[in-house]
Structures are given as C-alpha cells and as structure tokens.
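Trainee: Got a structure for you, written out below as structure tokens; questions coming shortly.
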Amino acid sequence: MAKRALLIGINKYQAAGADLRGCVNDVKDLSKALIEFHGFRKGDITMLTDLAATKKAMEAGIRSLVRDSKKGDVALLHFSGHGSHVPDDNRDESDGRDEILCPADLDWDDPLRDDWLRNTIDGLRAGVNLTVIMDCCHSGTNTRAVLPPDAPVKERYLPSPSTLKAVESGRSAPKKVRSELRGSPRAARKARDIVAADLPEVLITGCRDTQTSADAFINGRFNGALTFALVEAIRKRRGRLTYRELHDHAAGVLKTRKFEQVPQLEGRKDRFAEPLFSA
C-alpha cells in the first residue's frame with residue numbers, strides 16, 4: 001500500500017492584482033500534518049507552489065497521481081488558490097459556465113476546466129482511496145475590487161473577463177453553473193453540507209455555492225480558512241477521525257473563528273465513516 005499526495009498552493013500569479021497570501025502556508029502546514037499523523041513520507045508528497053504551478057505542471061501532476069495510484073493506495077489532491085468560472089465551451093447550455101482552477105499562468109482562453117478534472121479523476125483505478133480538497137472559490141459571487149496587500153481577508157475568487165464585461169455593460173452575469181467536479185445536484189447542496197454522491201473520490205470544498213473561501217490572517221500569519229480548519233482538526237484529534245468528523249470539526253473551527261463559509265463534504269455515503277487518509 002502506497003501513499004502519495006499532490007499539494008498545490010499559489011500565492012503568486014502572473015495576472016496583476018491576483019496574488020494571495022496563505023496558499024503556500026496551506027500546503028506546508030498540510031504536508032507536516034500528513035507526515036506527523038497519517039504515515040506519509042516526505043518523498044510521498046509533491047508540492048507545486050507559486051509560478052511553478054503552471055497549467056501544464058498541474059495537469060501533469062494530477063495525471064501522474066491518478067495513473068500511479070493502484071488498488072489499496074491512498075492518494076490526496078489539494079489545491080489552494082483562486083477558482084473562477086468561464087463560459088461553457090460545450091455550448092450545451094447557453095447560459096452555463098464551467099468552473100475552473102486558476103494556475104499561476106492562467107489563460108482565460110485556455111483554462112483548467114472542471115470537465116478535464118472530472119474526466120481525469122474518473123479514470124482512477126477501483127480500490128484507490130482518493131481525497132480531493134479544494135480551498136478555493138467556485139461561488140457565484142463576483143467582485144472586481146483589488147484589495148490592498150495588508151487586507152485581513154481576500155476572496156479566493158477571480159472574476160472572469162466575460163463576467164466583468166457583462167456586469168460593466170449593465171447586463172447580469174450568467175446564473176447557471178455547470179459543475180462537473182461535484183456529483184450532487186445544486187438543490188441537495190442547498191439543503192445540507194454533507195451530500196452523498198456517486199464519486200470515486202471524497203471531495204472537500206471550502207464553502208457553499210453561495211459563499212466564498214477566505215484567504216485570511218489567522219494567528220499571526222496568512223492561511224486559507226478551510227485548510228487552517230482542516231489542519232487544526234487533524235492536530236486536535238492527532239489524525240484519529242473520520243471524514244464526517246473532519247468536516248464537523250473543521251466547520252466548528254470556522255464558526256468559532258467567525259468565518260461565514262461552511263465546508264462541504266461529498267462522496268459515497270459509506271466513505272464518510274472511514275478513517276481519514278486510510279486504505
């Protein structure tokens with residue numbers, strides 16, 4: 001049984017005004033927790049940070065993680081950075097948008113779409129315990145404000161040029177988002193924060209559809225609020241918790257610290273009671 005993790009954290013973006021502050025701390029903190037509490041070795045963990053986290057490098061790393069994981073293995077994909085939306089390139093829903101992850105070299109005309117991520121993860125071999133953590137925004141909240149570097153909280157969301165153009169021209173931005181990464185209907189996610197869905201992975205996301213994920217100043221340094229809460233939960237329980245318990249503890253940490261975002265947990269229902277990061 002092998003364990004491997006791909007941790008991606010992007011503070012530095014090529015796009016002006018897009019930089020974040022807590023993403024590299026996120027991957028460093030999670031890496032330490034994986035080694036200390038979950039039996040990962042340093043060599044089991046690949047980290048892509050800042051300008052090294054290009055679209056090409058991210059796609060290659062994710063393909064490798066999926067390809068190299070075999071039955072009985074434990075795999076983890078963690079992303080801390082910006083998320084956004086772009087118009088649906090399939091045109092099967094005229095008012096739809098695709099969710100994207102924003103690599104350091106983000107190209108709005110060639111983004112890393114959720115469709116690609118979903119198709120890649122669906123190629124996972126049976127019997128692999130894969131966890132996917134997305135500490136980024138995929139909400140419909142849009143803002144053009146570029147906050148000062150010392151702002152205590154930044155949203156991990158970049159408005160796409162198409163969205164900004166719609167807003168500035170007085171038209172409303174598209175409301176419908178085609179989410180290929182998640183396996184649950186939007187109505188189910190509105191009703192509850194732990195949702196059973198037919199996914200090969202356990203998926204943990206930073207917020208509800210109506211919320212944003214925070215890049216925040218916590219305990220004297222910057223972190224993503226979700227990753228901070230997950231790592232704190234792991235450390236408090238010394239790694240001895242299930243996926244459902246991780247969600248509940250992390251949600252409690254965020255609530256105690258007065259963050260409005262609520263972490264989401266999706267996957268097959270039987271997986272929720274399994275020990276975290278175990279074969």
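Trainee: Which entries of Lys56/Lys255; Lys70/Lys154; Lys42/Lys236; Lys71/Lys154; Lys71/Lys255; Lys12/Lys255 have Cα-Cα distances beyond 31 Å here?
Mentor: Lys56/Lys255; Lys70/Lys154; Lys71/Lys154; Lys71/Lys255
Trainee: Using a 1.4 Å probe on the protein chains only, how many percent of the accessible area of region 1-135 belongs to carbon and sulfur?
Mentor: C and S fraction of accessible area: 47 percent.
Trainee: Quick one: if you stick a label point 7 Å off each Cα along the C-beta vector at Thr210 and Arg237, how many nm between them?
Mentor: 2.8 nm
Trainee: Show me, for region 206-218, the HN-Hα J-couplings you get by feeding each phi into the Karplus relation (A = 6.51, B = -1.76, C = 1.60, θ = phi - 60°), rounded to Hz, glycine and proline as x.
Mentor: Whole-Hz 3J(HN,Hα) from phi for region 206-218: x, 6, 5, 4, 8, 10, 10, 8, 9, 9, 9, 8, 10.
Trainee: What is the percent carbon and sulfur in the accessible area of region 190-277, measuring with a 1.4 Å probe over the protein chains and ignoring ligands?
Mentor: After summing per-atom areas, the C and S share lands at 50 percent.
Trainee: Which whole-Hz ³J(HN,Hα) couplings does region 233-249 yield from phi under the Karplus relation 6.51 cos²θ - 1.76 cosθ + 1.60, θ = phi - 60°, glycine and proline marked x?
Mentor: Once rounded to whole Hz, the list reads 5, 4, 5, 5, 9, 6, x, 8, 7, 8, 4, 5, 5, 4, 4, 5, 5.
Trainee: What FRET efficiency, computed as 1/(1 + (r/R0)^6) with R0 = 25 Å and r the Cβ-Cβ distance, is obtained for Phe217 and Ile35, rounded to the nearest 0.05?
Mentor: FRET efficiency, Phe217 to Ile35: 0.45.
Trainee: Return the long-range amide H neighbours of Leu48 (sequence gap of 5 or more, or a different chain), with a cut-off of under 5 Å between placed amide H atoms.
Mentor: The answer is Leu7, Ile8, Gly9.
Trainee: While we're here: Is the C-alpha gyration tensor of region 1-65 telling us rounded, prolate or oblate? Criteria: a/c under 1.5 is rounded; beyond that, a/b larger than b/c is prolate, otherwise oblate.
Mentor: Because a/c hits 1.5 or more and a/b fails to exceed b/c, region 1-65 counts as oblate.
Trainee: Need the full-extension length gain, Glu274 to Lys71, defined as separation in residues times 0.36 nm minus the C-alpha distance. One decimal, nm.
Mentor: So the chain would gain 71.4 nm between Glu274 and Lys71.
Trainee: Label region 234-279 by shape, choosing from rounded, prolate and oblate, from the square roots a ≥ b ≥ c of the eigenvalues of the Cα gyration tensor; if a/c is under 1.5 it is rounded, and otherwise prolate applies when a/b is larger than b/c, oblate when it is not.
Mentor: Oblate, since a/c reaches 1.5 and b/c is not below a/b.
The values are calculated or read from the model by the stated rules, or taken from the named source; none is laboratory data. Quantities reported herein were computed from a predicted structural model and do not represent experimental measurements. Reconstructed Cβ throughout: ideal geometry from the backbone, glycine too, with neighbour counts over all protein chains shown. Note: areas computed on protein heavy atoms with side chains; ligands, DNA, RNA excluded. Shrake-Rupley method; radii C 1.70, N 1.55, O 1.52, S 1.80 Å.
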